[in-house]
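Beneath this line is the structure, given in structure tokens, with notes to follow.
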Amino acid sequence: MVTASLDLVRDGALLTLVGGALALDRRGAFQVMVSQPLVLVPVLGLLMGQLETSLWLGAVIQLLWMSSLIVGASVPPNETLAAAVIGAAVLLYGRHCGVVDEPVSALAVLAGAPFAWIGRWLDIRLERGNLDLCIRADEAARAGTPFALARLPALGLLRTFLAESALIAAGIAVTMFVLVVVRPRLGTPEVKAFEAVGFYVLPALGLAVAMTTVRRRRALLLSAGSFLFVLFGIRFLEGK
Amino acid sequence: MSATGAVLTPASPADAEPRVGRLTLLRVLWRSFFFQSACNYERMQNVGFAFSILPALTRLYRGEDLKRAMARHLEFFNSHPYMTDALLGATVRMEEDLAAGRTTEDRILSFKATMMGPMAAIGDSFFWASLKPFAATLAVAGVFSDVSWAPLVFLALYNLFHLTLRIYGLFSGYQMGERVFEKLYQIDLVQFSDRSHYFAGVCIGVSGGLLVDHATRSEAALGQNLEAVLLIALVLIMFQLLKRKVTMIWLLYGFTLLCLAMILGLNSFFPLIER
């Protein structure tokens with residue numbers, strides 16, 4: 001029992017640190033898109049040996065926050081933190097608590113989604129806090145000390161990493177609590193209801209959000225055409 | 001003498017024409033990947049810009065001139081992080097010119113202030129609003145088709161444009177100076193951006209088709225073509241609500257509650273699902 005709990009904490013800490021490190025890519029460092037849910041969740045899944053589950057989950061989370069764009073000074077909901085929280089909680093549940101089915105994924109998304117908005121609040125706080133770095137940069141310029149200026153971005157990244165990792169850890173704890181408490185108590189009708197949420201509501205909402213990123217009316221018609229083509233193409237190929 | 005009257009102190013007395021080398025430019029490129037690490041609400045990306053250009057400044061200036069140069073690049077700056085490399089390259093060239101007495105501080109400041117807005121607009125519309133949704137929906141369609149390496153396609157496709165533009169922008173910016181934007185406009189990112197919306201539209205449709213197919217095979221399947229009708233109806237209703245500024249989180253919880261209430265409510269009147 002104690003060993004199992006220690007393993008859970010160790011895996012949780014690993015996912016928190018990796019999630020926190022990848023989250024830096026969202027704004028502070030590189031921006032090569034490894035912080036996107038589509039990549040981040042499968043990376044966590046690889047660490048936990050559950051690539052297949054994480055690929056689907058990452059894709060659905062990616063669709064849900066597809067319109068979350070950092071444009072100018074705007075601060076959108078932090079989809080990376082939500083993805084880290086949801087992905088890590090589902091993977092930990094699958095490794096230590098039980099089978100990951102559609103109700104588990106749906107519950108995790110519902111419990112973890114608010115962390116995107118808490119992440120947004122954290123981003124605003126961090127940017128306000130960075131004003132201190134701006135003042136220190138001015139001092140470095142007045143003193144003519146390039147080294148003092150050169151270490152400020154590292155300080156900014158360290159702050160972001162610590163704050164976001166702490167939020168991811170808290171998010172995983174809350175989401176795991178919801179999964180462990182709620183999932184075993186669900187009766188068959190509730191399981192069916194959450195399956196419907198997982199199979200219909202989440203993908204439909206993801207697709208609707210993705211459609212809002214398409215800015216051409218004719219592109220939407222192409223969407224409808226390709227949807228029908230794929231759907232009936234699959235059935236035709238299967239001889240239905 | 002500098003244009004503002006201060007005496008310039010060349011970094012090396014042997015340098016008649018102060019220049020930064022290729023290695024220095026590579027250091028500027030590397031640092032530009034941390035451009036937004038100290039972003040703040042007062043002067044936005046100013047620390048990132050000064051940090052990125054610092055290797056060039058320390059090559060060109062010493063003493064008071066270095067202090068002035070550092071302070072010059074700590075002014076307000078806000079642009080798209082990928083497009084900034086072109087601005088950085090051009091600014092390094094202008095700093096060389098300033099060190100050689102061929103331009104003025106004011107010209108560098110006004111160049112940055114004038115160009116950061118248009119560059120941000122191009123970068124935002126191409127990378128954030130077009131390429132990212134296109135690459136992501138393509139990879140999502142791949143995942144729904146059971147292609148396990150689809151996320152790698154997303155990374156490769158996105159970064160092909162991202163890294164190429166960064167490297168090309170910095171070096172062509174350095175070569176062409178203020179005229180770099182004539183070169184960037186020739187690439188016509190706007191046209192790329194326009195086309196990527198159509199590709200994204202196709203990928204969303206493909207993803208939808210694959211999702212319906214997946215739902216048809218699930219334990220929650222309703223049978224026949226009900227999945228397709230249900231999913232299309234849900235997507236269209238949600239799309240209309242999103243366009244009317246209802247946020248995603250409200251739709252997520254709202255439709256979940258509706259779904260739970262419908263299934264559990266119906267089941268209490270007509271108990272089809274046994275406990």
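The values are calculated or read from the model by the stated rules, or taken from the named source; none is laboratory data. Not measured: the values here are computed from a predicted model. Methodologically, a virtual Cβ is constructed for each residue, glycine included, from the backbone with ideal geometry; neighbour enumeration extends over all protein chains shown. Quick note on the areas: whole protein, heavy atoms, side chains included, nothing else; ligands and nucleic acids left out. Shrake-Rupley method; radii C 1.70, N 1.55, O 1.52, S 1.80 Å.
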_Flag if residue B:164 is more than 7 Å from chain A (Cβ to nearest Cβ) and surrounded by 13 or more Cβ atoms within 10 Å (Cβ to Cβ)_ = no
*Quick one: is residue B:73 under 29 Å from residue A:23 (Cβ atoms) and more than 15 Å from the chain's Cα centre (by Cα)?*
yes
_Criterion: assigned to a loop (DSSP other than H, G, I, E, B), of a type outside the set (Phe, Trp, Tyr), more than 11 Å from the chain's Cα centre (by Cα) and over 29 Å from residue B:30 (Cβ atoms) - qualifying residue of A:72, A:98_ = A:98
*Return the total of residues in segment A:1-11 being in contact (Cβ under 8 Å) with a residue 40 or more places away in the chain and open to solvent by 10 Å² or more (accessible area, probe 1.4 Å).*
3
_Going through A:46, A:55 one at a time, which residue ends up being open to solvent by 10 Å² or more (accessible area, probe 1.4 Å), within 10 Å of another protein chain (Cβ to nearest Cβ) and without any contact (Cβ under 8 Å) to a residue 40 or more places away in the chain?_
A:55
_Top-ranked residue in segment A:107-133 [being under 19 Å from residue A:154 (Cα atoms) and at the interface with chain B (Cβ under 7 Å from one of its Cβ atoms); ranked as surrounded by the most Cβ atoms within 10 Å (Cβ to Cβ)]_ = A:130
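Each row is one residue, and each column tells you yes or no for (1) in a loop (DSSP other than H, G, I, E, B); (2) in contact with a His (Cβ under 9 Å, 6 or more places away or on another chain); (3) at pLDDT below 95; (4) closer than 26 Å to residue A:46 by Cβ.
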{"position": "B:159", "(1), (2), (3), (4)": "no, no, no, yes"}
{"position": "B:163", "(1), (2), (3), (4)": "no, no, no, yes"}
{"position": "B:177", "(1), (2), (3), (4)": "no, no, yes, no"}
{"position": "B:199", "(1), (2), (3), (4)": "no, no, yes, no"}
{"position": "B:215", "(1), (2), (3), (4)": "no, no, yes, no"}
{"position": "B:219", "(1), (2), (3), (4)": "yes, no, yes, no"}
*Checking residue A:218 against (1) at pLDDT below 95; (2) under 21 Å from the mean Cα position of the chain (by Cα), which single condition isn't satisfied?*
(2)
*Can you find even one residue in segment B:26-49 that is open to solvent by 20 Å² or more (accessible area, probe 1.4 Å) and in contact with a Ser or Thr (Cβ under 7 Å, 6 or more places away or on another chain)?*
yes
*How many residues, within segment B:78-98, are away from chain A (no Cβ under 14 Å) and open to solvent by 20 Å² or more (accessible area, probe 1.4 Å)?*
2
_Pull out all pairs, ordered by first then second residue, where Cβ-Cβ is under 8 Å, the residues are six or more apart or on different chains, the first lies in segment B:52-75 and is over 17 Å from residue A:152 (Cβ atoms), and the second is open to solvent by less than 10 Å² (accessible area, probe 1.4 Å) and small (Gly, Ala, Ser)._
B:60/B:69; B:61/B:69
*Taking segment B:140-159, which residues are touching a residue at least 60 places away in the same chain (Cβ under 8 Å) and either in contact with a Pro (Cβ under 8 Å, 6 or more places away or on another chain) or under 21 Å from residue A:67 (Cβ atoms) (or both)?*
B:140, B:141, B:144
*Enumeration of residues in segment A:181-201 that are within 23 Å of residue B:144 (Cα to Cα) and at the interface with chain B (Cβ under 7 Å from one of its Cβ atoms)*: A:192, A:193, A:195, A:196, A:197, A:199, A:200, A:201
*Taking segment A:134-156 as the region of interest, how many residues are open to solvent by less than 30 Å² (accessible area, probe 1.4 Å) and under 28 Å from the mean Cα position of the chain (by Cα)?*
3
_When residues of segment B:113-145 are limited to those that are more than 30 Å from residue B:209 (Cβ to Cβ) and open to solvent by less than 10 Å² (accessible area, probe 1.4 Å), the one farthest from the other protein chains (Cβ to nearest Cβ)_ = B:119
*All positions within segment B:53-77 that are closer than 22 Å to residue B:120 by Cα, more than 7 Å from every other protein chain (Cβ to nearest Cβ) and part of a loop (DSSP other than H, G, I, E, B)*: B:73, B:75, B:76
*Check A:194, A:232 and return the single one that is in contact with a helix residue (DSSP H, G or I) (Cβ under 9 Å, 6 or more places away or on another chain), open to solvent by less than 30 Å² (accessible area, probe 1.4 Å) and modelled with pLDDT under 95.*
A:194
_Return the residues of segment A:197-229 that are hydroxyl-bearing (Ser, Thr, Tyr) and open to solvent by 20 Å² or more (accessible area, probe 1.4 Å); say none if nothing qualifies._
A:212
_Within segment A:79-106, considering residues that are crowded, with 23+ Cβ neighbours inside 10 Å and within 13 Å of chain B (Cβ to nearest Cβ), the one nearest to residue B:197 (Cα to Cα)_ = A:79
_If residue B:137 meets every condition in (1) without any contact (Cβ under 8 Å) to a residue 40 or more places away in the chain; (2) farther than 21 Å from residue B:49 by Cβ apart from one, which number is that one?_
(1)
*Only one of (1) open to solvent by less than 20 Å² (accessible area, probe 1.4 Å); (2) part of a helix (DSSP H, G or I) fails for residue A:28. Which number is that?*
(2)
